[in-house]
1. With Cβ to Cβ distances under 11 Å as the rule, what net charge do the other residues near residue 369 carry (K, R +1; D, E -1)?
2. Taking the simple approach of a point 7 Å from Cα along Cα-to-Cβ for both residue 58 and residue 313, what is their distance in nm?
3. For the stretch 44-233, count all C-alpha to C-alpha pairs, find those more than 23 Å apart, and express that count as a whole percent of the total.
4. For the stretch 86-95, in order, what is each residue's ³J(HN,Hα) by Karplus, 6.51 cos²θ - 1.76 cosθ + 1.60 with θ = phi - 60°, in whole Hz (x at glycine and Pro)?
5. Share of Cα-Cα pairs in the stretch 249-378 beyond 27 Å, in percent?
6. Of 226, 18, 32, which is farthest towards the positive pole of the chain's charge dipole, taken about the Cα centre with +1 and -1 on the beta-carbons of Lys, Arg and Asp, Glu respectively?
7. Would you kindly find the accessible area of residue 232, with a 1.4 Å probe and non-protein molecules such as ligands, DNA and RNA excluded, rounding to the nearest 10 Å²?
8. Please report the net charge: other residues with Cβ closer than 14 Å to the Cβ of residue 146, K and R +1, D and E -1.
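The values are calculated or read from the model by the stated rules, or taken from the named source; none is laboratory data. Everything numeric in this text was worked out from a predicted model, so none of it was measured. Note that we place each Cβ from the backbone using ideal geometry, even for glycine, and neighbour counts take in every protein chain shown. We work out accessible area using only protein heavy atoms, side chains counted, and drop any ligands, DNA or RNA first. Shrake-Rupley method; radii C 1.70, N 1.55, O 1.52, S 1.80 Å.
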Amino acid sequence: MLRFASDPARAFLEANALEQLRPRVETAHRQLLDGTGAGSEFLGWRDLLLDPNDALLEDVEATAAAIRGEADVLLSLGIGGSYLGAKAVIEALTPYFPSPSKASGGTGGDLFGAKAGRTPEILFAGHQMSGAYLRELLRHLEGKSVFVNVISKSGTTLETALAFRFVRQWMEEHFDDADRRIVVTTDPEKGALNQLHEERGYKKYKIPPDVGGRFSVLTPVGLLPIAVAGIDIRSLFYGAVEACERFATTEDNPALDYAALRYLFHEAGYNVELLASFEPQLAGIGQWWQQLFGESEGKEGKGLFPAVANYSSDLHSLGQYVQEGKRTLIETFLMVEHDGGDLPAPASDADLDGLNYLAGKTMREINRKAYEGTARAHADGGVPTMTLWLDRVASGPVGAALYFFEHAVAVGGYLLGVNPFDQPGVEAYKKEMFRLLGRP
Ligand code: PA5
């Protein structure tokens with residue numbers, strides 16, 4: 001399902017650099033597997049793959065099917081880890097241009113198909129504080145059958161809680177059965193959402209206390225919106241299970257190679273990692289990856305700054321910097337072996353645009369050459385590059401890729417000597433903001 005290619009990056013290192021680091025990588029890997037590293041109380045994201053809860057998957061599928069049967073829109077409220085995973089998977093596995101009139105489930109296999117009617121539009125809110133966005137959103141919802149999934153582990157995150165206050169009021173004004181249309185996903189016991197759930201009888205999914213936000217995509221946090229989008233959550237989940245089993249070993253483990261290479265470049269003074277993809281549908285995975293690596297590693301003055309690029313668009317904006325700017329960048333490409341680009345370029349009699357040399361070549365071939373050319377040019381320009389290949393953009397490989405990055409970031413955090421599962425720095429802006437807002 002996944003293939004990792006790192007020769008161009010290795011060429012920037014001493015021949016035995018990886019080998020010398022090997023014992024430390026294996027120790028970090030063991031710390032993760034044995035739960036002996038920092039933050040080991042937050043390893044629930046692995047445990048849930050080691051002991052899959054099929055009854056929970058079934059429950060989420062049933063709720064999703066019910067929502068799909070009635071909803072024009074599922075409004076998912078959440079921020080950070082409570083939204084980026086669902087958004088990433090939905091963007092990757094649903095069509096670019098869904099047809100509003102018929103079933104348009106995910107490309108990873110539509111679980112419900114025609115049985116549960118058309119796929120609702122999945123919209124996100126509570127992930128920023130734009131009043132203009134909220135006003136337009138509520139206007140957009142007018143006349144539609146709306147369901148809401150409010151997702152917050154703490155239940156106290158201002159962006160999400162405030163948006164939910166507006167949305168709850170709007171739902172109550174528009175639907176007699178508003179309470180039935182609202183699902184909360186939160187801590188098993190703590191937080192304001194639990195109180196609302198008890199008072200209003202909202203359906204509730206629990207976020208395991210030992211799973212941090214950015215690792216929660218394979219809990220109901222991600223799974224419910226993803227299932228409502230018509231994506232086969234079982235193959236997504238079991239794709240991750242398979243990767244978790246595969247990457248439990250120290251032999252032939254690309255997640256460890258990725259973690260080790262990133263660390264070696266970090267130690268060599270590189271300070272930015274660019275995750276670049278040539279498929280726009282993978283842009284959301286980039287944003288999810290950015291949070292995963294930024295929050296897990298960026299502390300105590302350490303970590304590679306995670307930046308995201310969408311090529312070839314960004315070759316026309318960031319490309320100049322990547323090629324010739326400060327040489328502190330490494331670049332990881334996220335690529336797809338079998339994409340949907342088998343679209344041959346047309347021939348033209350007059351050839352006025354001079355593109356007949358491309359006639360008959362598929363967009364896949366052309367896009368692939370753009371990747372190969374970019375990778376070569378960037379390496380020649382002094383950027384160590386590596387590539388994670390997904391077999392296809394489908395639920396299983398996407399689930400495997402999510403786990404690949406989770407495993408790598410945990411090991412990477414241990415190599416850096418930081419706790420990869422906390423995020424103390426996130427509190428600083430909140431403290432200042434609440435002071436300015438006059439919170440009692
Ligand atoms: O990864 C994290 O822990 C954060 O990004 C949180 O998910 C985010 O701050 C939202 O928190 P909560 O789910 O408590 O509203």
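1. +2
2. Modelled inter-label distance: 4.2 nm.
3. 37 percent
4. Those phi angles translate into 4, 4, 4, 5, 5, 4, 6, 10, 10, x Hz.
5. 31 percent
6. 226
7. 40 Å²
8. Values: positive: 68, 139, 144, 168, 180, 181; negative: 70, 72, 121, 142, 172, 173, 176, 177, 179.
After counting each charged neighbour, the total is -3.
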